[in-house]
Structure formats: C-alpha cells, structure tokens
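K.L.:
The structure follows.
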Amino acid sequence: MTQARQLVVPPVAMAGQPLAAVSTPALVIDLDAFGSNLKQMAGLAGAAGMALRPHAKAHKSVAIAQRQVAAGATGICCQKLTEAYPFAAAGIASIHLSNEFIGADKAAMAAELAARTQLSLCVDDPRQVHEVGAAAAHAGVKIDVLPEVDAGQGRCGVSSADALMALVEAIDTYPALRFAGLQGYHGGAQHVRGWQQRRETAQRAAELTAGYLRHLEARGLRCQVVTGGGTGTAEFDIASGVYTEIQPGSYLFMDADYGANEWSGAFRPEHSLFIAATVMSATRPGHAVCDVGLKTVAVDSGLPRVWSRQATTLR
Ligand SMILES: Cc1ncc(COP(=O)(O)O)c(C=O)c1O
C-alpha cells in the first residue's frame, strides 16, 4: 500500500484573487467600504476632540484593533476578560472592559491583564469592587474603575444616586483602584430605526447619564472619562457634550440589522463584511439552496439578506 498523502483542505482564496475565484462559503471583506467606515468614525470623533474606543467584540482581531489605533483610537473595549487576553498580549495599550463580571477567579484575571495593559472596567455592585480591589492589591497593579449607570436600557448599571455613591465609596477604600468616571450605554437606542427617533432616544440616555454626573460634581467628584455609545448613536453621543468617549463596534462591518436603520446624519456607514455563497441546488422555480449552512450565520436579527453589487441595499 502506498503511503497516503496528508489530506489538507485547500484555501478558499488567495490574496489578490477576484471574488469569482473565491471558493464559497467564505467570509469576505470589502476593503474600500471597511476603510471608509474606519476613517469616517475616526474623523467624526477626532473633529470633536472625543476619544474613540472601538468595541473589539465586533471583530475579535488584533490586526483590526491595530488599524483602529493607527487611525486614532485611544484603545479598545472588550466585553469579556477572555476576549481581552489576545489584545493585551499583542500590546494594545489601553483596554476597557465594558461589561460587569463577578467572582474572585475573574477578578484575578483582571489583575493579570492590568499587568500588561492600562485596564479599566465597569462595576454595578460593591461586591465586584471588593473582589477587584483585593485582586489588584494582591497583584500589585492599578485598575481604573467606572461604575456603570443605567442610561435607560434597564440592563446593567445602577439606577439610583445612592447606589452610585456606594460604589464610589467602595472604590475609594482600595489604593489599587481609581475612580475614573462613568459608563452610560444604551444598547436598545442603537437600533431605533428612524434617525430622528434614534437621536431623541440617545439624547434621553445622555441626559440620564448627565444627571449622575451632576450628582457627583455637587460632591466634588470629577469624572475623567464618561464612556458609552455605539454605532447607531455615535454621532448623537459626540454632539451631546456629556460623553468624553464613544465605544462603537459594528461600524466597521455593519450588519443587516444596522442596515435597516435610517442614516441621514454625519455618519454614512457601508456594508463591508459579507459571506460569499453559491446557489448549489435550484430544482424548481422560486427555490434555491445556498452553500451557507444555517449554523454558520447569525439569525438573531432574522435570516441573512442577499447583497447585490448593483443594488445599494440588502434585499
Ligand atoms: C457596552 C457596549 N458598548 C459598545 C457596544 C458596541 O455597539 P455596536 O456594535 O452596536 O456599535 C456594545 C455592543 O453591544 C456594548 O455592549
């Protein structure tokens, strides 16, 4: 019997090939649209003197994070500790964990990350502050802590000034922690379809956040950072005068859900990330089967839409 050659799946594409030569299904990026989105958001934030801290959960790619930083981003956001590890290891200098976590094991991970990058994180419960404070002291690192306030979404974040003050006081008891400001993020506002209605929802979220800022200021507490905002509301958050920093993630690629938003303001994103697919069976009129398995696509915002180069919208 002859020695069998090792079986290796051929690459779906090689750099420089035309789209027609790409073996489907394949995830493809339109670099012109990607570059336009990258530049537009950096330009909007930069022109307003606002920090841009893109959310890396949208891409989970060190190479893309480095391009965002090269285009002017102050750092990145991550939603999970594990998500942050490759970015910290690759030298991304500033990472904000824009989501709560709980448990001494997780606090130890945060302290480990803080030894490699300038780390900030969100809290909405004093228990988290105590766990992170103890872990940071044990590891000999400093961590910036930003209490999250509920900006109207009703997800995470404190919803009273008393609860906020309890967090600020808890942070103050740990020399390894620094109260650095607030996070006020409203996820639901991002996908309000009408531009004007989205603007009004974002304004209400900013006003809720501003109420907490006034409460802190009246007690002599200054927030160096007020962070929030996503792709859908970035232009309104920039104009609000409340935030110092925005955290958009999806703006680079866009998606079908964001494609259904009305974009009539300063930010005009383009779809840049696609799954190239081929119809592999069409046995009867009005019926086509693609080589994209259901489990390879996200369906939480409905089934994928078909993109045509001729049309400017998803169908
Ligand atoms: C806290 C936080 N900030 C920013 C974002 C980025 O939002 P988007 O991808 O809609 O721009 C998200 C996404 O869900 C988020 O949860």
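K.L.:
Given springs between every Cα pair under 10 Å in a Gaussian network model of the chain, which of 86, 269, 248 has the largest fluctuation?
P.N.:
86
K.L.:
Further question: What list do you get for 60, 106 if you sort them by fewest beta carbons within 10 Å?
P.N.:
Listed from fewest to most nearby Cβ atoms, that is 60, 106.
K.L.:
Taking 8 Å as the Cα distance limit and 6 or more residues as the minimum spacing, I'd like the relative contact order of the chain as a percentage.
P.N.:
This gives 18 percent for the chain.
K.L.:
In terms of modelled amide H atoms, which long-range or inter-chain residues lie less than 5 Å from the amide H of residue 94?
P.N.:
Those lying under 5 Å, H to H, from residue 94 are 76, 118.
K.L.:
Considering Cα pairs under 8 angstrom that are at least six residues apart, work out the relative contact order of segment 140-238 and quote it in whole percent.
P.N.:
Normalised by residue count, the contact order of segment 140-238 is 32 percent.
K.L.:
A follow-up question, please. Can you list the lysines whose alpha carbon sits under 24 Å from that of residue 80, skipping same-chain ones fewer than 8 residues off?
P.N.:
Reachable lysines: 57, 60, 106, 142, 295.
K.L.:
Compute the long axis of helix 104-114 from its Cα atoms, compare it with the longest principal axis of the Cα atoms of the chain, and write down the angle in degrees, 0 to 90, nearest 10.
P.N.:
The helix 104-114 is inclined about 80 degrees to the chain.
K.L.:
Let me ask something else. Binning at 5 angstrom from zero up to the longest distance, how are the C-alpha pair distances of segment 148-236 distributed in percent?
P.N.:
Going from the shortest bin to the longest, the percentages are 3, 15, 24, 23, 15, 11, 6, 3, 1, 0.
K.L.:
Quick one: 212, 258, fewest Cβ neighbours within 10 Å first, how do they rank?
P.N.:
258, 212
K.L.:
Then there is this: Under the definition of Cα pairs under 8 Å and six or more residues apart, what whole-number percent is the relative contact order of segment 217-315?
P.N.:
Dividing the mean separation by the residue count of segment 217-315 yields 17 percent.
K.L.:
So what's the angle, to the nearest 10 degrees on a 0 to 90 scale, between helix 126-139 and the longest Cα principal axis of the chain?
P.N.:
Tilt relative to the chain: about 90 degrees.
K.L.:
Could you run the Karplus curve 6.51 cos²θ - 1.76 cosθ + 1.60 with θ = phi - 60° over segment 70-82 and give me ³J(HN,Hα) per residue in whole Hz, x for Gly and Pro?
P.N.:
Karplus-based 3J(HN,Hα) across segment 70-82 equals 4, 8, x, 5, 6, x, 9, 9, 10, 9, 10, 4, 4 Hz.
K.L.:
Round to the nearest 10 and give me the degree value, 0 to 90, for the angle of helix 161-172's Cα axis relative to the longest principal axis of the chain.
P.N.:
80 degrees
Each value in this text was obtained by applying a stated rule to the coordinates, not by laboratory testing. What you see is a predicted model, and the numbers here were worked out from it, not measured in a lab. Neighbour counts are summed over all protein chains in view; Cβ atoms, including those assigned to glycine, are modelled from backbone coordinates with ideal geometry.
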